Structures are given as C-alpha cells and as structure tokens.
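Notes for the one structure printed next.
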Amino acid sequence: MKLTDFKVMTFDVVGTLIDFETGVLNAMRTLGGPKAEAATDDEIFGPYTRGRDAFHGRSSFAMKDVYLYVANECGFNNDETTAEAFQLAVFRWPAFADSVEALKRLRRNYRLVAMTNTDRTVFSAYSATLGNPFHDSVTCDEAGCAKPDPRFFSYNLGRQSAFGYRQDEILHVAQSQHHDIGVARAEGYTVCWIERRQGLVGYGGTPAPKSFTTPDLHLSSLKQLADAVDAERAGA
C-alpha cells in the first residue's frame, strides 16, 4: 500500500483527533466532588460508556444526561447545575498534542474529511480547536445515524463520489475498533488504525469491539501518519 495513491483521508474526530478521554476525566473530577476526584480512570470510563450508550442522542444536548447517569451510579455530585457544566465542558475537549500540526501537513496533499458522531454544533467547536483543517465533513446530523451504523459510511462514500472520488482513493483514519475500523473495513474502505491507547490496558472510554479487525495500516499517533506520508513523498 502506497499512501501517495490516496487522494482523500477521512477522519474519526473524537478519540482520534480530539482527546475525549482527557476531557471526560478532567470534567468529571473537577465537577463531580470528592468521590470523582478519587475515582480511577476505569471507574469513570465504565459508567461513562454505559451512559453514552443509554443517551446516544446529539452530543450538544445528551451529555448532561450522560453525566447524571455516571453521577448517580458512582455517587458523584448529581445536581442539574453540575450536569449543565459538564455539558458545556464537552465543547472544550482538547486536541491531542500532535493533531493540529499533523493535519496541516496532511492537508497539503489530501482532501481531508471529518466523519464524526458529534452533531454539527459540537463539531464546529472541535473543528475550530483543530484549526479548521477539513475540506468537508459528515456529522450525525447529515448522515441521520451514527457510527458504527454502516449507513454512515455509505453516506460518506456517496458524498465523496459526488466530488469525483472513488472508494479506493480514500483512506479512513480512526482510533475506535468498535465505531470505525471493523465496519469501515467491512464496507470496503482502506483503514488506518491510530491506536491512541497503545501500551494501555483495555479500551478506556470507547466500547470494546465484538471482534478485533486487523487494519491496513497500524500507527500510534497522527504524527506518525504525517511523517510516513512525507517520507514516502520524499523518496518518490
């Protein structure tokens, strides 16, 4: 596989470009009171993934209910004001340290497309955090569904084909085996797995996949992807 053969890179956003795990942990521990401050990462992530599954609506509204789900299960502060503060904190989840610079480099040579389960409102905040690098974007609002629903990937494929791009010219870049890697591969995409939790145990704040999918390319950071593209182009 030659990276220079691709013309489009599609990106999962939350978890691949935006460090939602740090965002969730920091907000929970800041807002949730003494029990939240003392909770381990896994003690927060377990209820969080269950809460997000229970309240899977648009992220600009549903995350306060996710917080209350976690708070009620774990004994954290569970008042409405705290839940609203957690909801607002979602808009300020940070980018990974390498995301902005790597996306700038990749944009020189590829059409960059966001494929995100966030709604258009939250995505606008994340795009600004990332330096607005995308030529196009697909959110749950446009697709009418969320990953890992195969229809999300079909919607994007139709959208990119309208701009003249074939599926074999698209590389899908993502960290979630559950939301992206397995279903994208099954739908005919070439996939690059950015294993953001490399060296850590478990899947953290992302649901565990039913089965592991071997990607076409396996890296631990977006910087590694940008470096690989630059090295391949330099040697061409």
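The values are calculated or read from the model by the stated rules, or taken from the named source; none is laboratory data. Quantities reported herein were computed from a predicted structural model and do not represent experimental measurements. Counting neighbours? That spans all protein chains shown, and the Cβs are built from the backbone with ideal geometry, glycine included. For the accessible areas, the whole protein counts, side chains as well, though only heavy atoms, and no ligand, DNA or RNA atoms are used. Shrake-Rupley method; radii C 1.70, N 1.55, O 1.52, S 1.80 Å.
General remarks:
- Tilt relative to the chain, helix 59-74 - C-alpha long axis, 0 to 90 degrees, to 10: 50 degrees
- Exposure check, 1.4 Å probe, all protein chains in place: residue 145 carries approximately 20 Å² of accessible surface.
- Seen against the Cα atoms of the chain and their longest principal axis, helix 222-235 is set at about 10 degrees.
- Probe 1.4 Å - accessible area at residue 1, Å² to nearest ten: 120 Å²
- Surface listing: 64, 7, 147 arranged by accessible area from highest to lowest gives 7, 64, 147, probe 1.4 Å.
- For region 182-222, the C-alpha radius of gyration divided by 2.2 N^0.38 Å, with N the number of residues, is 1.19.
- Separation of region 32-46 from region 148-197 is 33 Å, based on Cα centroids.
- Calculated mean residue ellipticity, 222 nm, the chain: -14000 deg cm²/dmol, from DSSP H runs (n ≥ 4) at -39500 (n - 2.57) each, averaged per residue and rounded to 500.
- Estimated FRET transfer efficiency (residue 30, residue 166; beta-carbon r; R0 45 Å; 0.05): 0.45
- Residue 232-residue 81 pseudo-label distance in nm [points 7 Å out on the Cα-to-Cβ vector]: 5.4 nm
- The shape of the chain comes out prolate: with a ≥ b ≥ c from the C-alpha gyration tensor, a/c is at least 1.5 and a/b beats b/c.
- Tally of Lys pairs whose C-alpha atoms are under 29 Å apart, taken over the chain, 8 or more apart or cross-chain: 14
- Beta bridges by DSSP in the chain, antiparallel share as percent, to the nearest 5: 5 percent
- The GNM of the chain, with springs linking C-alpha atoms under 10 angstrom apart, assigns the highest mean-square fluctuation among 164, 51, 182 to 164.
- Probe 1.4 Å, all protein chains present, accessible-area order of 153, 55, 61, 212, largest first: 61, 212, 55, 153
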